[in-house]
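Worksheet: the structure to be examined is printed underneath.
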Amino acid sequence: MSHDGTISRPAIERPESVYFFGTCLVDLFYPEAGMAGMELLKAQGVRVVFPQGQSCCGQPAYNSGYREEALKVARAQLDYFPGDWPIVVPSGSCAGMMSKHWPDLFKGEPDEARARQVASRVWELTQFLVQVLKVKFEDQGPPVKITWHASCHAQREMGVTDEPKTLLRQLANVELVELQREKECCGFGGTFAVRHPEISAAMVGDKVADIENTGAKAVVSGDCGCLMNISGALEGGKKPVRGVHIAQFLKERTHG
Amino acid sequence: MGETSINFAKASSAALQDQQLRGNFRRAMDGLMSKRAVQFADTAEWNGVRTLGASVRLRALSKLPELLEKLEANCTRNGIQVHWASTTDEANAIVLSIMQRVNAKLVVKGKSMVSEEMHLNAFLEKHGIESLESDLGEYIVQLDEAMPSHIIMPAIHMNTKQIAHLFKQKIKEAEYTEDVAQLTDLARRVLRKKFATADVGISGVNMAVAETGTLCLVENEGNGRMSTTVPPVHIAVMGLEKVVEKLEDVPPVISLLTRSATAQPITTYVNMISSPRKEGEKDGPNEIHLVILDNGRSGIYADEELRNTLRCIRCGACMNHCPVYTKVGGHAYQAPYPGPIGSILMPQVEGLEKRGELPHACTMCNACVEICPVKIPIVEIMGRLRSEAVHPGDAVKGAGSHASKAEAMVWKGWSMTYASPLAYQFATALLAKLGNAAPASLPLLKEWTNVRSKPRFANRTLHALAREKGIPDV
Ligand code: SF4
């Protein structure tokens, strides 16, 4: 771990195969973002494996204080990612749960070593695309103005800061306008949004206002929790701005 | 405020309705954040000084009992009388007995969060002693009969207009003015008279140095110096974690404190108090008392993970950067310490039965962790407290008090489904088919859809799509 508590990944060679961990929100609500993520990886000549036994990283229970239940679900994942291939996750939050919190969650358990080994192989998607695959995208879409929302856990647990913007800036016809409060939480916070609906609404309200001020046509994000919250609020408020996962956005722009 | 009426959700809901308050906080915190960013613009310097600050605090905590003994011995040698209080009631009683001995009627106070924790003003008032806050912000909230809403800027929830009205209403000689200089002047005139006639001065302590028996006090207005030098008796109150080992530990912590708190590279006054007035000296109190308060801290100290809470130097940066605090303000927490640090400290000090809601006043965004100058893993401790709240145990008072059978059943069911591939795929396939039929009026969904559209389940799960597209499984 680095000085500020974020995970720092040692550089690795481009692997022949990777695992894809889809996450439970992607699975149910944004499967097309998951498919886009896998296709982006495949387009770079990497073989992608999607273990059908996978379900969830355990974060919802973990953050609610139910650690035993979180452990049970996390443990069930270990079997599906044997070997040494990197595990790529299209969500900073779930990647953070696996690489930062699993070691604590499994502390003192018989499978602690195995959990640590799996945790050490976890990459957030944009981090993997930039740092390991060193992708260069060519834009094939029409001109558009967009903005970027940084997920809290991607930036503050996984240490993902510039990678998504590096990717978006490779797209020649995409104008990226930065939010004034790019790093501020959108108010999702898992169960927070339903436990404290009014505060959460105020937070997402500020976020939506910030997005509108940029004049962007779309807000791109790398986390489905944020996306569900922000695009839900945009739609609920009848704002003509679309929320889209970065994997899907990149795929749309580069594969027609 | 009643002992049982602590309800963060309700209080924050009221705060959110108050547009003036929301505006005041947003503006004030935006300003503080950008000013602080300038102070720590050099990342390498920030990392260095922060690591140093954290190590000073960690070293102090690693030998806390030993340092406290040393502090007591050295203070006593210097002529400072040391008192130990295990509860706030005991601390209040100690303060009162000193006052009664010198027959004190009027007390002036410098800013002290521990005295807020003790509800000292109300206590003294009950015993016929007038206690006047001399820090401008504290003075304003005292006039307003309110609690501080921030640990560094107690009246940050009010704007100039509101303060102008308050002064006009509460101070006899006041003319209505919105001129900040004139308002400050007015407060100063009122306070000056009181400084001259007060029997006792009370202050907090920013740091107490074990090796020298020195009390270190940082402030901007000079009121701290007045409170600790003019009255014949000075009583300092501190939490037992405020000790540092050596004199050389002081500068890095002060630098982190002032830059994190108000973005000042240095502060106007640093008071280093090491003894009462000696023979031949022209000023200073004849007696100095140091009250060291435990109030649950030794219990926090006993747990290795929770102990990190005690690293805190009370700079308030975590609240300035907290997206929840900046929306609802400090009063919603109904606690002397609001914001992220309050959300972990209050449940440990007062118990989870009473404060178990506070660890949930957080989205776990980690903005506080990123900013904390002594690197307290606030969010990790928050998670630990959430877990303590629902599981019986003995580390934190009231552990298990928020356990609900229904909630536990939900998570048990969840874990059974999510730990079994078959059950999981069956459940998710079912949700993909039928989930969208759920009416928006369902309990949790209703809260969500107040401002948002209903989340839409995709027709087919990622698992199903991956199978269809022939993505290999192993
Ligand atoms: S927890 Fe950290 S940021 Fe918050 S007041 Fe304490 S030292 Fe400052």
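The values are calculated or read from the model by the stated rules, or taken from the named source; none is laboratory data. It should be emphasised that the depicted structure is a prediction, and the values quoted were computed from it without experimental measurement. Glycine gets a Cβ as well: all are built from the backbone with ideal geometry, and neighbour counts include every protein chain shown. Ligands, DNA and RNA are excluded from the accessible area calculation, which covers all protein heavy atoms including side chains. Shrake-Rupley method; radii C 1.70, N 1.55, O 1.52, S 1.80 Å.
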Unmet criterion (only one of (1) more than 9 Å from chain B (Cβ to nearest Cβ); (2) touching a residue at least 24 places away in the same chain (Cβ under 8 Å); (3) closer than 23 Å to residue B:420 by Cβ) for residue A:85
(3)
I'd like to know if segment B:437-445 contains one or more residues that are more than 7 Å from chain A (Cβ to nearest Cβ), open to solvent by 30 Å² or more (accessible area, probe 1.4 Å), of a type in the set (A, V, I, L, M) and not in a loop (DSSP other than H, G, I, E, B).
yes
Here are B:350, B:380: which of them is out of contact with any Ser or Thr (no Cβ under 7 Å at 6 or more places or on another chain), more than 18 Å from residue B:242 (Cα to Cα) and more than 15 Å from the ligand (Cβ to nearest atom)?
B:350
Residues (of a type outside the set (A, V, I, L, M), open to solvent by 20 Å² or more (accessible area, probe 1.4 Å) and assigned to a helix (DSSP H, G or I)) located in segment B:132-180
B:142, B:160, B:161, B:162, B:165, B:168, B:169, B:170
If you check residue A:135 against the conditions, is it without any contact (Cβ under 8 Å) to a residue 60 or more places away in the chain, among the hydrophobic types (A, V, I, L, M, F, W, C) and either in a helix (DSSP H, G or I) or away from chain B (no Cβ under 14 Å) (or both)?
no
Failed item in (1) of a type outside the set (Gly, Ala, Ser); (2) touching a Gly at 6+ places or on another chain (Cβ under 8 Å); (3) closer than 16 Å to residue B:208 by Cα, with residue B:68 passing the rest
(2)
Looking at segment B:353-367 only, could you name the residues that are at the interface with another protein chain (Cβ under 10 Å from one of its Cβ atoms), within 25 Å of residue B:298 (Cβ to Cβ) and either within 13 Å of the ligand (Cβ to nearest atom) or open to solvent by 30 Å² or more (accessible area, probe 1.4 Å) (or both)?
B:357
So, restricting to helices (runs of 4 or more DSSP H) that lie completely within segment B:314-427, which ones have at least 3 residues that are among the aliphatic types (A, V, I, L, M)?
B:339-350, B:367-371, B:378-390, B:405-418
Checked pairs for segment A:27-40, first more than 9 Å from every other protein chain (Cβ to nearest Cβ), second surrounded by 23 or more Cβ atoms within 10 Å (Cβ to Cβ) and assigned to a helix (DSSP H, G or I), C-beta under 7 Å and 6 or more apart or across chains, list as A:36/A:247; A:37/A:125; A:37/A:247; A:40/A:129; A:40/A:247; A:40/A:250
Collect the residues in segment A:70-84 that are under 19 Å from the mean Cα position of the chain (by Cα) and open to solvent by 10 Å² or more (accessible area, probe 1.4 Å), keeping them in residue-number order.
none
Within segment B:233-240, can one find any residue that is farther than 30 Å from residue B:197 by Cβ, in contact (Cβ under 8 Å) with a residue 60 or more places away in the chain and open to solvent by 70 Å² or more (accessible area, probe 1.4 Å)?
no
Go through segment B:465-474 and count every residue that is of a type in the set (A, V, I, L, M, F, W, C), under 11 Å from residue A:35 (Cα atoms) and open to solvent by 20 Å² or more (accessible area, probe 1.4 Å).
1
Note on segment B:141-161: residues more than 16 Å from the ligand (Cβ to nearest atom) and in contact (Cβ under 8 Å) with a residue 40 or more places away in the chain are B:146, B:147, B:157, B:158, B:159
Name the one entry in B:316, B:393, B:383, B:342 that is away from every other protein chain (no Cβ under 14 Å) and more than 17 Å from residue B:25 (Cα to Cα).
B:342
